[in-house]
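Visitor: Let me begin by handing over the structure; questions about it come next.
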Amino acid sequence: MTHILLTMKDTAKNTVANWPVKAIFAASVLLLSSIAMSSAVSAERSPDVTLGKALHEKNCMKCHDNRQYTRPNRIIHTFEDLHARVEFCDTASNAGFSSDNLDDVVEYLNVNFYKFMK
């Protein structure tokens, strides 16, 4: 019986003695996880206007020229309209833009022609 009590005391002692180490380890894991997640969020890609221009020239100029963007009766009135229209044209022309490429073309058109606030 004494042997069992010593074993239980030792187990309790080890558990209590290790608690700060376990807590520090758990806190470290949480901290590192949150740092990794914040790095992933801050590493979000910005649209590339130069790539957008190249994609535009290769794909969009097959159907129309730049007058489409500067005509007085244009149908695009907001940044959201522009994004939706580029998505529509991407689908209609089977250009196959990735989400990033779509953003690149939208940014190119907005910077050079539309100048909408985001």
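Visitor: Taking into account only those residues within the range 96-118 that are of a type in the set (S, T, N, Q) and closer than 11 Å to Leu55 by Cβ, which is surrounded by the fewest Cβ atoms within 10 Å (Cβ to Cβ)? Write out each step before concluding.
Guide: As a first pass, look at the range 96-118 and keep what is of a type in the set (S, T, N, Q): 98-99, 101, 110, 112.
Next, from what is left, pick out any that are closer than 11 Å to Leu55 by Cβ: 98, 101.
Values: Ser98: 10, Asn101: 20.
Out of the qualifying residues, it is Ser98.
Visitor: Going through the range 26-77 one residue at a time, which ones are more than 16 Å from Tyr114 (Cα to Cα), at pLDDT 90 or above, in a helix (DSSP H, G or I) and of a type in the set (Gly, Ala, Ser)?
Guide: Residue satisfying the conditions is Ala54 alone.
Visitor: Cβ contacts < 7 Å: first residue touching a residue at least 12 places away in the same chain (Cβ under 8 Å), restricted to the range 99-118; second residue acidic (Asp, Glu), any location; separation 6+ or different chain. Result?
Guide: Leu102/Glu87; Leu102/Asp90; Asp104/Asp48
The values are calculated or read from the model by the stated rules, or taken from the named source; none is laboratory data. If you're wondering where the values come from, they're calculated on a predicted model, not measured in any experiment. Because the Cβ atoms are built from the backbone with ideal geometry, glycine has one as well, and the counts that use them run over all protein chains shown.
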